[in-house]
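The values are calculated or read from the model by the stated rules, or taken from the named source; none is laboratory data. Worth saying up front: this structure is predicted, and the values here are computed from it rather than measured. Cβ placement follows ideal geometry from the backbone for every residue including glycine, while neighbour counts extend to all protein chains displayed. Heavy atoms of the whole protein, side chains included, go into the accessibility calculation; ligands, DNA and RNA do not. Shrake-Rupley method; radii C 1.70, N 1.55, O 1.52, S 1.80 Å.
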Amino acid sequence: MADRVTVIGWDGSPLTAAARSALSAATLVAGAAHHLALPEIPRAAERIRLGSVDLAARRIAGHRGTAVVLADGDPGFFGVVRALRAPQHGLEVEVVPAVSSVAAAFARAGMPWDDAETVVAHSRTLRRAVNVCRAHPKVAVLTSPGAGPTELSLLLEGVHRTFVICEELGTEREQVTVLTSDKVADHAWRDPNVVIVIGGTATAQGGGWLMGRDPGGVRGWGLPSQAYGGDLGAGESADLRAAQLARLGPRTGDLVWDIGCGSGALAVEAARFGAAVIAVDEDPAATARTEAAARHFGVQVQTVAGRAPHALERLPEPDVVRVGGGGVPVVTACADRRPERIVAHATTRDEAEAIGAALTEGGYAVECALLQTVELDTGAWTERDRSVIFLLSGVRPAPAP
């Protein structure tokens, strides 16, 4: 095993005394091509082009001598430190940090970033990164080849955002470009880069005490109808909504479809969990109420006015779906898109059986519960209202290993 492993962050500025000292003693240096060209690297040191971090870690673990790993920005922020410290390699490292590329990007843009979300986009996480950009008003995206500004903008179709694209920060070729998202695909971009995606109608999130999105002043979910302006339909009751949200489990990186959004209560509460939400309703008044509720609660919700299932054809793929109206045809159309979970409700047993059969035919494991709620007047302790409804949920089985 290497006698000593030092990870040096480099942001384009001159190396610190600590970094130069570590490099001068190195017998092995790993890094990208532009790192390995630095004049401070000893001529006699073994050089490893850093492609696969795991492969480099194995080489370092078997090296007898002093190893240095060079990385752009802060190597402890979405960088190589985590991989090098993985248990299978057994490496103990010392870190010489630098300014992270995300901090540098926001500095170039002249913007604070304590209220920003930060995500990594590559082939496996691109869709989830895009969903975070849908759901939050300020997101920094660390890109990779095939998951860069163009791909982000194309997958954000229908959602207006401003892109601040920062290429090769800290080098002589550094360039910062500001474009609206609809213009990004018209240009070629150098990989990798940092993209700041900003926009939307949410209220300011920075609370001055928490990195990322502030949880806001409203506590709880399954909020009463008064929180959304008054009387809601039977399919939007607080108890049914809470049960649906519990089964859907919306979270950051997800895209939720809320079909038959009504007042927007479920759409807003799913967005408060950090998920991206597309709310669909054939009634323009319903989409207007949903947009107003989203503004009131300071969350991002995209609305689509149209009748399902036809209105669903051009929407991006969902992770979870709530069907608030449309019955079997809409449930079947949603099952064809293969989201992980679908919830629906029915007012009669026959309707519940038909929806359950549609979910089963779509390949989902189905559960059905009969929910009965009785609202009491706590002044006289008498019954004020009673509701009985069938709640159906379908979960797509995990693929076999």
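Only one residue of 164, 125, 146 has its Cα farthest out toward the positive end of the dipole of the range 109-232, where Lys and Arg carry +1 and Asp and Glu -1 on Cβ, and that residue is 125. Label separation (residue 383 vs residue 13): 7.2 nm, computed from points 7 Å beyond Cα along the C-beta direction. In a simple Cβ point-charge model (Lys, Arg +1; Asp, Glu -1; nothing else charged), the range 155-314 has a dipole of about 360 debye relative to its Cα centre.
Hey, what did the chain get for relative contact order, percent, Cα under 8 Å, at least 6 apart?
Details: 840 pairs, mean separation 42.3, N = 401.
Here the relative contact order equals 11 percent.
Computed from the C-beta positions of residue 82 and residue 187, the FRET efficiency with R₀ = 41 Å rounds to 0.80.
Once both labels are positioned 7 Å from their Cα atoms along Cα-to-Cβ, the gap between residue 37 and residue 171 label points is 0.8 nm. Between residue 347 and residue 283, the contour length at 0.36 nm per residue exceeds the Cα-Cα span by 20.9 nm.
Computing the accessible area with a 1.4 Å probe over protein heavy atoms, can you report the carbon and sulfur percentage for the range 3-76? Roughly 51 percent, rounded to a whole number.
Each Lys and Arg contributes +1 and each Asp and Glu -1, all at the Cβ; summed about the Cα centre of the chain, the dipole is approximately 1220 debye.
Once the 1.4 Å probe is applied to the protein heavy atoms, the range 1-54 comes out at 51 Å² accessible per residue. Using Cβ point charges alone (K and R +1, D and E -1), the dipole size of the range 1-89 about the Cα centre works out to roughly 300 debye.
For the range 282-401, dividing the convex hull volume of the Cα atoms by the residue count gives 166 Å³ per residue.
Secondary-structure-derived ellipticity at 222 nm for the chain, considering helices only, amounts to -7500 deg cm²/dmol, per-run term -39500 (n - 2.57) for DSSP H runs with n ≥ 4. When the charge dipole of the range 198-347 is built from unit charges on Cβ atoms (+1 for Lys and Arg, -1 for Asp and Glu) and taken about the Cα centre, the candidate among 324, 277, 260 whose Cα reaches farthest toward its positive end is 277. Spin-label pair residue 64-residue 338: with each label point 7 Å from Cα along the Cα-Cβ axis, the two points sit 5.2 nm from one another.
Extent of the chain along its three principal axes (Cα atoms, max minus min coordinate, largest first): 84, 47, 44 Å. Computed from backbone phi with θ = phi - 60° and the Karplus coefficients 6.51, -1.76 and 1.60, the 3J(HN,Hα) list for the range 250-257 is x, 8, 4, x, 7, 10, 9, 9 Hz; x is used for glycine and proline.
How big is D, in µm² s⁻¹, for the range 1-151 by Stokes-Einstein at 37 °C and 0.692 mPa s if Rh is the Kirkwood radius over C-alpha pairs? Could you put the intermediate results ahead of the total?
On the way: Rh = 16.6 Å.
Estimated via Stokes-Einstein, D reaches 198 µm²/s.
Using 0.36 nm per residue of separation minus the Cα-Cα distance, give me the extension gain between residue 317 and residue 396 in nm, one decimal.
On the way: separation 79, 0.36 × 79 = 28.44 nm, distance 1.46 nm.
So the chain would gain 27.0 nm between residue 317 and residue 396.
If you fit an axis through the alpha-carbon atoms of helix 284-297 and take the longest principal axis of the Cα set of the chain, what angle between them do you get, 0 to 90°, nearest 10? Helix 284-297 and the main axis of the chain meet at about 50 degrees.
What do you get when you divide the Cα radius of gyration of the range 155-234 by 2.2 N^0.38 Å, with N the number of residues? Numbers along the way, then the final one.
Details: Rg = 19.2 Å, N = 80, 2.2 N^0.38 = 11.6 Å.
After normalising by residue count via 2.2 N^0.38 Å, the value is 1.65.
Report the residues of the range 291-331 in range of a label on residue 225: point 7 Å along Cα→C-beta, backbone N strictly under 18 Å from it. In the range 291-331, the label zone of residue 225 (backbone N under 18 Å from the point 7 Å along Cα→Cβ) covers 293, 324-325. Here residue 52 and residue 180 are evaluated by their C-beta separation; at R0 = 30 Å the FRET efficiency comes out at 0.20.
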